[in-house]
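The values are calculated or read from the model by the stated rules, or taken from the named source; none is laboratory data. These figures come from a predicted structure and were not determined experimentally. Cβ sites come from the backbone with ideal geometry, for glycine too, and all protein chains shown count toward neighbours.
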Amino acid sequence: MATALFSHPDCALHEMGEWHPECPRRLQAIEDQLIASRIDPLLIHEDAPLADEAELLRVHRPDYVEHLRSLSPHDGYAEIDPDTRMNAHSWRAAMRAAGAAIAATDAVIDGRFDNAFCSVRPPGHHAEPDRAMGFCLFNNVAIAARHALDVRGLSRVAIVDFDVHHGNGTEAAFAGDRRVLMCGLFQHPFYPYSGDTPLAPNMINIPLAARTNGATMREAVDMMWIPALEAFKPEMIFVSAGFDAHREDDLGGLGFVEADYEWLTTQICAIAKRYAKGRIVSCLEGGYNLSALGRSVATHIKVLTEA
């Protein structure tokens with residue numbers, strides 16, 4: 001078997017203005033680096049399907065989904081908050097991003113692939129059940145995890161989120177759900193100014209001060225995440241793979257480098273191999289310095305291909 005990469009050209013059509021850091025060039029930077037590092041030939045490329053509304057509603061409220069659909073403009077931009085906009089292609093891109101996560105989940109559970117990475121946008125982990133925010137429209141990882149539980153019949157899934165920002169939307173979706181263990185690390189205090197006090201015992205949060213380096217992060221993960229994941233014994237792991245904690249990324253203030261993402265991915269793969277038949281679906285979240293993003297994603301995917 002192999003590692004799959006799910007993506008679609010629609011994801012590059014969503015844009016929020018020339019000034020916006022969450023830009024289509026992010027996907028091109030990843031593609032270019034995968035080719036340059038000779039990882040691309042190791043991957044099986046899959047087109048992301050469109051999610052359907054019933055799949056969105058496993059996480060998001062019906063009135064929210066309808067409201068977002070109604071905002072979709074024919075031209076120009078519809079502003080959702082100061083950081084988040086929709087253009088004429090955003091709805092379809094968001095449906096592709098959620099669809100990629102669901103399709104990857106099915107493909108991995110069915111044994112077509114060992115694991116998968118979804119190179120998609122818009123990202124998702126800030127999207128709450130009834131609110132878009134922080135560049136996010138639908139919560140791709142949450143939708144996929146709920147699909148694994150409610151449709152595919154898994155009993156326990158873990159979500160690992162190493163974006164520089166707290167995954168407030170994912171935490172809101174699963175706080176108190178004993179079928180889900182969420183392990184997050186993030187800069188704090190920092191947008192969205194949450195997560196320092198977990199909403200429920202199934203949330204293992206690691207707030208990190210600005211300028212924290214990889215060595216400190218690794219120690220915290222060893223102490224807090226690994227024992228919790230070992231005790232939980234997940235049947236599948238979902239990753240909110242944000243790379244904006246890289247020291248070259250100006251949207252964050254942490255000090256990670258590629259070797260830290262390699263180490264994190266190796267730990268995730270080890271847990272997955274022990275308890276989850278190696279099953280991992282990783283979805284792109286943040287990462288806005290294009291060079292650092294490309295290098296970090298390539299490092300992350302390389303470990304997946306070797307798992």
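Key figures for this structure:
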| read-out | value |
| --- | --- |
| Filter result for ARG96 (farther than 20 Å from ILE301 by Cα, buried (at least 19 other Cβ atoms within 10 Å of the Cβ) and of a type in the set (Lys, Arg)) | yes |
| Any hit, segment 85-94, residues being modelled with pLDDT of 95 or more, farther than 24 Å from ALA12 by Cβ, touching a helix residue (DSSP H, G or I) at 6+ places or on another chain (Cβ under 9 Å) and assigned to a helix (DSSP H, G or I) | no |
| Selected residue (criterion: surrounded by the fewest Cβ atoms within 10 Å (Cβ to Cβ)) from residues of segment 146-169 that are under 18 Å from GLU235 (Cβ atoms) and under 12 Å from the mean Cα position of the chain (by Cα) | ILE159 |
| Residues satisfying the stated conditions in segment 104-145, i.e. polar (S, T, N, Q) and either more than 11 Å from the chain's Cα centre (by Cα) or part of a loop (DSSP other than H, G, I, E, B) (or both) | THR105, ASN115, SER119, ASN139 |
| GLY124 vs. criteria out of contact with any helix residue (DSSP H, G or I) (no Cβ under 6 Å at 6 or more places or on another chain) and buried (at least 19 other Cβ atoms within 10 Å of the Cβ) | no |
| GLU219 in a helix (DSSP H, G or I), touching a residue at least 40 places away in the same chain (Cβ under 8 Å) and not hydrophobic (A, V, I, L, M, F, W, C) | no |
| Number of positions in segment 4-34 that are assigned to a strand (DSSP E or B) and within 17 Å of LEU251 (Cα to Cα) | 0 |
| Residue pairs meeting the criteria (Cβ under 7 Å; at least 6 apart or on separate chains; first closer than 9 Å to ALA98 by Cα, in segment 43-56; second of a type in the set (Lys, Arg) and surrounded by 19 or more Cβ atoms within 10 Å (Cβ to Cβ)) | ALA48/ARG96; LEU50/ARG96 |
| Residue tally, condition part of a loop (DSSP other than H, G, I, E, B) and in contact (Cβ under 8 Å) with a residue 60 or more places away in the chain, over segment 244-275 | 7 |
| Those residues of segment 205-216 which are part of a helix (DSSP H, G or I) and either in contact with an Asp or Glu (Cβ under 6 Å, 6 or more places away or on another chain) or loosely packed, with under 13 Cβ neighbours inside 10 Å (or both), in sequence order | GLY214, ALA215 |
| Check on ARG61, over 22 Å from PHE243 (Cβ atoms) and among the basic types (Lys, Arg) | yes |
| Residues (in contact (Cβ under 8 Å) with a residue 40 or more places away in the chain, of a type outside the set (Ser, Thr, Tyr), within 18 Å of ALA241 (Cβ to Cβ) and not in a strand (DSSP E or B)) located in segment 167-189 | GLY167, ASN168, GLY169, ALA173 |
| Residues satisfying the stated conditions in segment 69-85, i.e. of a type in the set (A, V, I, L, M, F, W, C) and either farther than 17 Å from GLU22 by Cβ or in contact with a Leu (Cβ under 6 Å, 6 or more places away or on another chain) (or both) | LEU71, ALA78 |
| Where PRO73 falls short, out of the listed (1) part of a loop (DSSP other than H, G, I, E, B); (2) touching a His at 6+ places or on another chain (Cβ under 9 Å); (3) free of Cβ contacts under 8 Å to residues at least 60 places away in the same chain | (2) |
| Condition met for ALA101 (in a helix (DSSP H, G or I) and of a type in the set (Gly, Ala, Ser)) | yes |
